[in-house]
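K.L.:
Shown below is the structure under consideration.
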Amino acid sequence: MRRDRLVIAATLTAIFSADLYFVLIPKLRTFRNASGHLCSCPFNDSTLPGTQGLVQPMLANWTSAPSLQSATYPEEESGSKLERLFAHPLYNIQAPALEAGEKLLEVGQLMDYYEKKVLRWERHMKLYSEAAALSNVTITAHEALFDPDASWVKFHLGITRYALYSREDPSVQRLVHDITAMKVINADYTQDEKALKGACDCSEVVKPSGHHLKLSLKMHNFAKVMFKPMRQQRHEETPEDVFYFVDFQRHNAEIAAFHLDRVLDFRRVPPVVGRLVNVTAEILQVTQNEDLRAVFFTSPANNTCFFAKCLYMCKTEYAVCGGPDLLEGSLSAYLPGLSIAPRVSIPNPWIRSYSFSGREEWEGNPFYCDTIKQIHPYNTGNRLLNIIDMAIFDFLIGNMDRHHYEVFNKFGDEGFLLHLDNARGFGKHSQDELSILAPLTQCCMIKRSTLVRLQLLSRPQYRLSDVLRESLELDPLRPILTPPHLQALDRRLHTVLRAVQRCVRRLGQEQVVTTDFISSTLRPQLPQQTTAQIKAASFHGEHEYGVMSIKNNHTRRNFVLLVTLGASNSENSTEPVDLSDINERHVASQAKAC
Ligand SMILES: Nc1ncnc2c1ncn2[C@@H]1O[C@H](COP(=O)(O)OP(=O)(O)OP(=O)(O)O)[C@@H](O)[C@H]1O
Ligand SMILES: [Mn+2]
């Protein structure tokens, strides 16, 4: 009996030792190797669930930038993630020197325009004060002074064909700060609401949309901002049964969208900042519009409130109230006026039906993008890729209300898209509206420059929710987004990356990831040995990548091109470069990447 026990014990020990030696130890070794640094391939981390087979090889192909390696920035590294993001080479690419016509406005032209506006305002105020004195009405007249060095003027002057502002432009930070302190000298309905003249077709639930309670505020230095008051508490989610087109406009969504746009490096949203507005002193007492004054009332709780003039919503239960006078709101810096910088508003090809039961073609036709690709301006240039950027942005914020987009006339088809009006974003954090991504999933295209930034933001060292949280901390109305909204951003970012992954599996990287339109569309039309002049390049020797704006001799157009180059090429950066040469080198460095 005792011998039996001994045999059993000996057998078990033998089995355990064999298991330890042949199974457990090798497993531990593999695990250690996997989490170790055997492969120096960048982006080689596990931050993208379910992205094996796409993101790692894809990114390995694109860049061998050591600065992107986890080894350089361990996850727990302290310090500002936002600063680290903006210090990253991808966010420090030297912009090409601007050529004539690439700026939206010239200084002289803008100054003449504003001088005329200031004179008109002064004339108007003189007449208004005289009329008020005659009728024995006291008005609060605030001093107004135009300052050509004001940050809002600098913002207008800094708009180019590439973006609303440049990364390094200090005037945008200054403007955001200034807006919180500027004195309001006039308040009025916005132009589009004025066009409604108080009429509202109640058979159309959505359009026209004069019930949003947005106002335009003029400041003491002639800056103009659009004010959207707070209508919803931060923690409230849009109820399930509410259609997106009757959803509230959220002031915090406007603020968060500006910050997100900056973090994504799009720079297509005008600066927005939160501010506590005194609705009595800064709206009621400064407005000269009788209609606006007429919608103010005092609530039973003695708070000053106002409601929209639209008949459909002219009910006091839809009013917003100060507490008793102060009300949170978003203030968005106005773009230069339409008479000096005309813009065109274009229906979004992926527009939704603004009725209870309607359906648009794209919702039922999986080949819808093929049709769009044939139509001008989506059949050439960057327009369709810009629409896809916008769809990604809207998917991240959960905005289903992108019925139109605007572009500056001056920049023609190659201009960037303005992402105005993001107030219907951030309505639901617990739900991701996949249909917003339709332009990406149906067209299966994405700019390489957008994708690399999204991938960077999916890494723990630059996690989107972390950098955005930090950025939003700069706003006076912080916290702007609740934690679930921030977490939703990370989840949605991975959804975008997975959508790209599926496209690449189906169609191949060449077709899906567009080097800002050079590789798949333009190159085949070019003669074999077409040369391209690099206007500006930013090489980060040790990082081995650069972005160049090249002027193509054949088409005389500029492109931003992301390429992988060896460190030794940096001294060639001002030499004319052969396109096919770039691609050869690109391929060569891809091969050695991992
Ligand atoms: N920062 C800005 N500068 C200049 N114009 C702006 C700005 N923001 C918005 N606008 C203009 O005002 C219009 C209405 O603004 P917005 O879309 O934010 O309000 P809305 O009430 O939601 O209107 P709609 O329902 O038509 O979208 C925009 O289409 C745009 O032309
Ligand atoms: Mn809108």
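The values are calculated or read from the model by the stated rules, or taken from the named source; none is laboratory data. Keep in mind that what you see is a predicted model, and the values were worked out from it rather than measured. Positions of Cβ are generated from backbone atoms using ideal geometry, with glycine treated the same way; all protein chains shown enter the neighbour counts.
K.L.:
Taking the stretch 377-416, which residues are within 22 Å of Pro336 (Cβ to Cβ) and in contact with a helix residue (DSSP H, G or I) (Cβ under 7 Å, 6 or more places away or on another chain)?
P.N.:
Within the stretch 377-416, Tyr405, Asp413, Phe416 qualify.
K.L.:
Could you list, in sequence order, the residues of the stretch 375-400 that are buried (at least 21 other Cβ atoms within 10 Å of the Cβ), within 25 Å of Val273 (Cα to Cα) and out of contact with any strand residue (DSSP E or B) (no Cβ under 9 Å at 6 or more places or on another chain)?
P.N.:
If the condition is that a residue be buried (at least 21 other Cβ atoms within 10 Å of the Cβ), within 25 Å of Val273 (Cα to Cα) and out of contact with any strand residue (DSSP E or B) (no Cβ under 9 Å at 6 or more places or on another chain), then Ala391, Phe393, Asp394, Phe395, Leu396, Ile397, Gly398, Asn399 are the ones that fit.
K.L.:
Here is a further query. Of the conditions (1) within 16 Å of ligand 1 (Cβ to nearest atom); (2) in contact with a strand residue (DSSP E or B) (Cβ under 9 Å, 6 or more places away or on another chain), Phe248 clears all except one; give me its number.
P.N.:
Every listed condition holds for Phe248 apart from (2).
K.L.:
Give me the residue from the stretch 317-347 that is under 24 Å from Asp178 (Cβ atoms) and hydrophobic (A, V, I, L, M, F, W, C) and, out of that set, surrounded by the fewest Cβ atoms within 10 Å (Cβ to Cβ).
P.N.:
Leu338
K.L.:
On the given criteria, is Leu292 part of a strand (DSSP E or B), in the same structural domain as Ala144 (by TED's automatic domain parsing) and either of a type in the set (D, E, K, R) or surrounded by fewer than 22 Cβ atoms within 10 Å (Cβ to Cβ) (or both)?
P.N.:
So Leu292 does not fit the description; no.
K.L.:
Can you say whether His404 is within 16 Å of ligand 2 (Cβ to nearest atom) and in contact (Cβ under 8 Å) with a residue 12 or more places away in the chain, as far as the supplied structure shows?
P.N.:
yes
K.L.:
Just one of Leu456, Leu420 is of a type in the set (A, V, I, L, M, F, W, C), over 22 Å from Asn252 (Cβ atoms) and not assigned by TED's automatic domain parsing to the domain that holds Leu157; which is it?
P.N.:
When all the criteria are applied, what remains is Leu456.
K.L.:
Also, quick follow-up: Which of (1) modelled with pLDDT under 80; (2) over 20 Å from Leu451 (Cβ atoms); (3) within 22 Å of the chain's Cα centre (by Cα) does Leu82 not meet, given it meets every other one?
P.N.:
Every condition holds for Leu82 apart from (1).
K.L.:
For the subset of the stretch 403-457 comprising residues that are buried (at least 17 other Cβ atoms within 10 Å of the Cβ) and among the basic types (Lys, Arg), which member is nearest to ligand 1 (Cβ to nearest atom)?
P.N.:
Arg424
K.L.:
Which numbered condition trips up Trp350, out of (1) in the same structural domain as Ala499 (by TED's automatic domain parsing); (2) part of a loop (DSSP other than H, G, I, E, B); (3) touching a helix residue (DSSP H, G or I) at 6+ places or on another chain (Cβ under 7 Å)?
P.N.:
The single condition Trp350 does not satisfy is (1).
K.L.:
While we're looking at this one, here's another question. What tally of residues in the stretch 300-339 results from selecting those that are modelled with pLDDT under 95, assigned to a loop (DSSP other than H, G, I, E, B) and within 16 Å of ligand 2 (Cβ to nearest atom)?
P.N.:
Number of matching residues: 2.
So that you can scan it fast, the table gives a plain yes or no per residue for (1) part of a helix (DSSP H, G or I); (2) small (Gly, Ala, Ser):
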{"residue": "Ile388", "(1), (2)": "yes, no"}
{"residue": "Ile392", "(1), (2)": "yes, no"}
{"residue": "Gly412", "(1), (2)": "yes, yes"}
{"residue": "Gly427", "(1), (2)": "no, yes"}
{"residue": "Asp432", "(1), (2)": "no, no"}
{"residue": "Leu437", "(1), (2)": "yes, no"}
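K.L.:
Arg161 passes all but one of (1) over 28 Å from Leu472 (Cβ atoms); (2) modelled with pLDDT under 95; (3) more than 20 Å from the chain's Cα centre (by Cα); which number fails?
P.N.:
All conditions pass for Arg161, except number (3).
K.L.:
Among the residues of the stretch 190-230, what is the count of those that are in a loop (DSSP other than H, G, I, E, B) and either modelled with pLDDT of 65 or more or closer than 16 Å to Asp421 by Cβ (or both)?
P.N.:
Going through the stretch 190-230 one residue at a time, the tally reaches 12.
K.L.:
Are any residues in the stretch 221-254 crowded, with 23+ Cβ neighbours inside 10 Å and either in contact with a Leu (Cβ under 7 Å, 6 or more places away or on another chain) or without any contact (Cβ under 8 Å) to a residue 40 or more places away in the chain (or both), and if so, which ones?
P.N.:
The answer is Val225, Phe227, Asn252.
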